Amino acid sequence: MANHLIRLVSMLCIALTAGCANLTAIQEFGRISSDSAGYTELTEEYATSPVRRKQYTLSSENEQRKILDRQAAQRVPQVERLMLYHKTVEEYMKAVANLAGDEAINFDEGINRLADAALQAKYIDGEKAGAVKTIASAIANALTDYYRQRKLDEVIAKANGPLQLVLGDMVTLVGAYEESLMIEKADVRKYYRTLESIARHKDKQTAYAEEIWRKGREQEFLLNARIKAAVEYVSVLDEIGKAHQELYDNRDNVGSDEVQRQLRRYSRKIYDAYKIVRGN
């Protein structure tokens with residue numbers, strides 16, 4: 001009986017080569033991409049950055065604090081859009097990994113509702129909301145096929161264009177956070193240098209001035225780490241896009257040694273950049 005089952009599986013593998021292909025590199029790419037796409041700490045920091053900058057204003061700078069409050073409100077649509085993208089790409093790349101392993105996939109139908117809500121609230125335009133829903137649809141269409149690897153090329157073909165659009169907008173928004181951090185760094189430097197200058201003009205205050213200088217340097221060091229994380233996260237998103245384009249371009253031959261080799265190279269780049277983003 002056992003030998004009969006082995007022969008049956010072998011026959012199925014011959015008949016359905018795509019369904020039994022060794023796609024471990026795609027599984028690896030999907031999983032590391034899903035993990036990194038689901039990383040929202042930078043987005044959360046982007047949302048609160050204007051509030052953080054308020055602590056580096058002097059008591060007389062009431063108008064600047066009002067400007068920062070307005071900036072925080074203006075970022076709400078961007079942050080909501082980014083959160084939707086995080087969820088969408090995370091779920092999609094997880095599905096790619098599972099399809100490559102011929103494993104069952106799950107689909108969070110809430111993505112479509114989130115896209116509709118974001119569109120209604122004008123957090124996202126119709127083109128980008130449509131891209132999110134197309135990616136979700138590509139996943140949903142693969143749910144019922146038992147030989148899931150056979151659906152992989154169809155899913156990749158349907159999702160690639162919308163995915164590139166979503167990743168491109170994510171890169172733009174993370175780039176905006178990087179610019180925001182550079183401004184925050186300038187605010188920190190100005191604030192502490194002002195306090196240091198005041199302290200050094202007072203008698204017997206040189207020790208206090210040195211402490212202010214130290215705190216300023218410490219805050220700049222932390223901001224430099226955030227800036228580097230933002231830069232590396234852009235790299236993560238870029239590499240996910242390039243790797244998926246590689247899959248799309250070779251979707252009829254995803255199991256080839258060359259495609260698998262290229263995917264491993266992209267996965268290593270994503271992994272290395274993501275480690276820097278997380279600070280480990």
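The values are calculated or read from the model by the stated rules, or taken from the named source; none is laboratory data. Note that this is a predicted model, so its numbers are computed, not measured. Cβ sites come from the backbone with ideal geometry, for glycine too, and all protein chains shown count toward neighbours. Protein only, heavy atoms only, side chains kept; ligands, DNA and RNA dropped before computing areas. Shrake-Rupley method; radii C 1.70, N 1.55, O 1.52, S 1.80 Å.
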Discussion item. Nearest 10 degrees is fine. How inclined is helix 41-54 to the longest principal axis of the chain, computing both from alpha carbons?
Written reply: 10
Worksheet item: Treating the beta-carbon of each Lys and Arg as +1 and of each Asp and Glu as -1, no other charges, what is the dipole magnitude of the chain about its Cα centre, to the nearest 20 debye?
Response: 800
Worksheet item: If you roll a 1.4 Å probe over the heavy atoms of the protein chains, what accessible area per residue do you get for the chain, in Å²?
Response: 53
Item to complete: Starting from the Cα of LYS151, draw a straight line to each of the lysines and keep only those under 16 Å, dropping any in the same chain fewer than 8 residues away.
Response: LYS94
Discussion item. I'd like to compare 57-69, 242-254: which one has the highest average count of other Cβ atoms within 10 Å, and what's the full order after that?
Written reply: 242-254, 57-69
Discussion item. Between 0 and 90 degrees, rounded to the nearest ten: what's the tilt of helix 2-15 against the longest Cα principal axis of the chain?
Written reply: 70
Practice prompt. Report ³J(HN,Hα) in whole Hz for each residue of segment 261-273, in order, from the Karplus equation J = 6.51 cos²θ - 1.76 cosθ + 1.60 where θ = phi - 60°; Gly and Pro get x.
Written response: 5, 4, 5, 5, 5, 5, 4, 5, 5, 4, 4, 5, 5
Practice prompt. Per residue of segment 223-232, in order, report the coupling 6.51 cos²θ - 1.76 cosθ + 1.60 (Karplus, θ = phi - 60°) as ³J(HN,Hα) in whole Hz, putting x for Gly and Pro.
Written response: 5, 4, 5, 5, 4, 4, 4, 5, 4, 5
Response to the item:
With a Förster distance of 35 angstrom and the Cβ-Cβ distance between ARG278 and GLU211, calculated FRET efficiency to the nearest 0.05 equals 0.65
Discussion item. With only alpha-carbon atoms in the gyration tensor, what are the semi-axes of the equivalent ellipsoid for segment 163-274, in Å, largest first?
Written reply: 48, 14, 5
Practice prompt. State the extension gain, in nm to one decimal, for the chain segment bounded by GLU103 and ILE198, taking 0.36 nm per residue of separation less the distance between their alpha-carbons.
Written response: 27.7 nm
Item to complete: State, as an integer percentage, the relative contact order of segment 154-280 based on alpha-carbon contacts under 8 Å between residues 6 or more apart.
Response: 32
Response to the item:
Too long for a 20 Å Cα-Cα cut-off, among LYS185/LYS228; LYS87/LYS185; LYS228/LYS275; LYS87/LYS133, are LYS87/LYS185
Discussion item. Using the Kirkwood radius over C-alpha pairs as Rh, can you work out the diffusion coefficient of the chain via Stokes-Einstein at 25 °C, viscosity 0.890 mPa s, in µm² per second?
Written reply: 115
Fill in: Rg over Rh, two decimals, segment 175-228 (C-alpha only, Kirkwood Rh)
1.11
Item to complete: Would you work out what percent of the accessible area of segment 105-170, with all protein chains in place, is carbon or sulfur (probe 1.4 Å)?
Response: 48
Worksheet item: If packing is taken as the mean number of other Cβ atoms within 10 Å per residue, what is the order of 232-241, 189-198, highest first?
Response: 232-241, 189-198
Practice prompt. Please give the helix 24-37 orientation as an angle from the longest Cα principal axis of the chain, in degrees from 0 to 90, rounded to the nearest 10.
Written response: 30
Fill in: Carbon/sulfur fraction of accessible area - segment 178-280, other protein chains in place, 1.4 Å, %
48
Practice prompt. Give me the compactness ratio for segment 114-228, meaning the Cα radius of gyration over 2.2 N^0.38 Å.
Written response: 1.86
Worksheet item: In nm, what is the difference between 0.36 nm times the number of residues separating ASP249 and ILE183 and their Cα-Cα distance?
Response: 19.8 nm
